[in-house]
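These notes are about the structure you will find just below.
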Amino acid sequence: MASRKQCFDEAVRAASEEFLTESFTRTYSSIFDAQDEMRTALKGSGYAPTFSESGDPIYSLPDLRAHDALALCVIDSLKRIAEIIRAQHPGIDFTPVIESTAFDREALSELVGSFASQSMNQIESLAARYRVGAEELVFLLTYAISPCYAFARQQYRGTIETQTLERYRCPFCGSLADMALIHQDAGTRYLHCSRCDLIWQVKRVACAVCGNENIDDLGYFELDGRESDYRISYCDHCHGYIKTVLIAKFDDPLMRDVVIDNLMTANLDHAAIHRGYSRP
Ligand SMILES: [Zn+2]
Ligand SMILES: [Zn+2]
């Protein structure tokens, strides 16, 4: 199977979007390389993920104060991703984050814990402490730490219930979804986990953010009313939105790498935000 970086390079070649600058392409190519290397480092680190019997969620990131092998991989990954971002955006300087967490397990555990709990309040207060933007910090943590979740899922030998229908958080790691998929043949809808990459099935008509099923509040639009493979599904109850990829009849939604679809459709995010919707 092609790596994410190969799929990304392919998508960039096929696209004609004007936001695909050389800096954009180089940043994500380097990030996907770094993530591959982190997964290899995790394999060799001796870190063995543990899983919950009751399964809600099945995997949680452990406290890094008690897991030195994992902590060292995370420190390396934070440093590497921070360097990639800074090489393309010299104004974004994560030095205070890297220096504070490299030798201080307490600070590292707090930083990683804010990502694990997806607590925006906690992330905002850490961003203020380290004098970086909150969204920039989320970006760093997402790309640096997500490989831990993907690695844990590869190591898991149990069965994950993916026909959950009313579950809007990942059945494996408890994260919110970043993208939705609709299989045009079967009419079935799926969500993609922003951390461990799991794709699971949910109800076709319900808000992927708050679970609201009142059809008066739910809708979707395509960009400029154009027919395309992408749409924005929104909810007027929580004012959340999620981008949806339409999967063609003979394609398998479970094989689609929607991380790349997500990157290539930044214009849809702008359109949704412009209309007053937001991501949780
Ligand atoms: Zn997950
Ligand atoms: Zn909603």
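Could you tell me which numbered condition Tyr168 fails, if it satisfies all but one of (1) within 15 Å of ligand 2 (Cβ to nearest atom); (2) in the same structural domain as Ile260 (by TED's automatic domain parsing); (3) of a type outside the set (A, V, I, L, M, F, W, C)?
Unmet for Tyr168, out of (1) within 15 Å of ligand 2 (Cβ to nearest atom); (2) in the same structural domain as Ile260 (by TED's automatic domain parsing); (3) of a type outside the set (A, V, I, L, M, F, W, C): (2).
If Tyr241 satisfies all but one of (1) within 12 Å of ligand 2 (Cβ to nearest atom); (2) open to solvent by less than 40 Å² (accessible area, probe 1.4 Å); (3) farther than 25 Å from Tyr143 by Cβ, what's the number of the condition it fails?
Only one criterion is unmet by Tyr241, namely (3).
Among what's in region 41-80 and is among the acidic types (Asp, Glu) and more than 16 Å from ligand 1 (Cβ to nearest atom), pick the residue that is nearest to Ala144 (Cα to Cα). Full working, then the answer.
Just the residues of region 41-80 that are among the acidic types (Asp, Glu), to begin with: 53, 56, 63, 68, 76.
From the residues that got through so far, the ones that are more than 16 Å from ligand 1 (Cβ to nearest atom) too are 53, 63, 68, 76.
Values: Glu53: 27, Asp63: 16, Asp68: 17, Asp76: 9 Å.
The extreme case among them is Asp76.
Restricting the search to region 199-224, which residues are within 11 Å of ligand 1 (Cβ to nearest atom) and open to solvent by less than 10 Å² (accessible area, probe 1.4 Å)? Reasoning before the result, please.
Our first condition is that a residue be within 11 Å of ligand 1 (Cβ to nearest atom); within region 199-224, this holds for 199-200.
Correct list: Trp200 only.
Does Glu106 qualify as being loosely packed, with under 14 Cβ neighbours inside 10 Å and within 18 Å of Arg195 (Cα to Cα)? Before you say what the answer is, go through the steps one by one.
Values: loosely packed, with under 14 Cβ neighbours inside 10 Å: yes; within 18 Å of Arg195 (Cα to Cα): no.
No.
Does any residue in region 170-190 that is open to solvent by 30 Å² or more (accessible area, probe 1.4 Å) come within less than 7 Å, Cβ to Cβ, of a residue that is away from ligand 2 (no atom under 16 Å from the Cβ) and not in a strand (DSSP E or B) six or more places away or on a different chain, and which pairs are these?
Leu176/Gln118; Leu176/Ser194; Asp178/Ser194; Asp178/Asn262; Gln184/Ala248; Gln184/Lys249; Asp185/Lys249; Tyr190/Pro253
Of all residues in region 36-85 being farther than 25 Å from Cys7 by Cα and hydroxyl-bearing (Ser, Thr, Tyr), which is surrounded by the fewest Cβ atoms within 10 Å (Cβ to Cβ)?
Ser54
Which residue is modelled with the lowest pLDDT, if the candidates are limited to region 113-143 and must be within 16 Å of ligand 1 (Cβ to nearest atom) and touching a Leu at 6+ places or on another chain (Cβ under 8 Å)?
Filtering region 113-143 down to residues within 16 Å of ligand 1 (Cβ to nearest atom) leaves 115-118, 141-143.
Right, trim to touching a Leu at 6+ places or on another chain (Cβ under 8 Å) and you get 115-116, 118, 141.
On the way: Phe115: 96, Ala116: 95, Gln118: 90, Leu141: 97.
It comes out as Gln118.
Taking region 203-218 as the region of interest, how many residues are touching a Ser or Thr at 6+ places or on another chain (Cβ under 9 Å) and either modelled with pLDDT of 95 or more or within 9 Å of ligand 2 (Cβ to nearest atom) (or both)? Spell out the reasoning first.
Taking region 203-218 first, the residues touching a Ser or Thr at 6+ places or on another chain (Cβ under 9 Å) are 204, 207-208, 218.
Narrowing the set further to residues that are either modelled with pLDDT of 95 or more or within 9 Å of ligand 2 (Cβ to nearest atom) (or both) leaves 207-208, 218.
So the answer is 3.
The values are calculated or read from the model by the stated rules, or taken from the named source; none is laboratory data. Predicted model, so just to flag it, every value in this text is computed and none were measured. No Cβ is skipped: glycine too gets one built from the backbone with ideal geometry, and neighbour counts run over all protein chains shown. Ligands, DNA and RNA are excluded from the accessible area calculation, which covers all protein heavy atoms including side chains. Shrake-Rupley method; radii C 1.70, N 1.55, O 1.52, S 1.80 Å.
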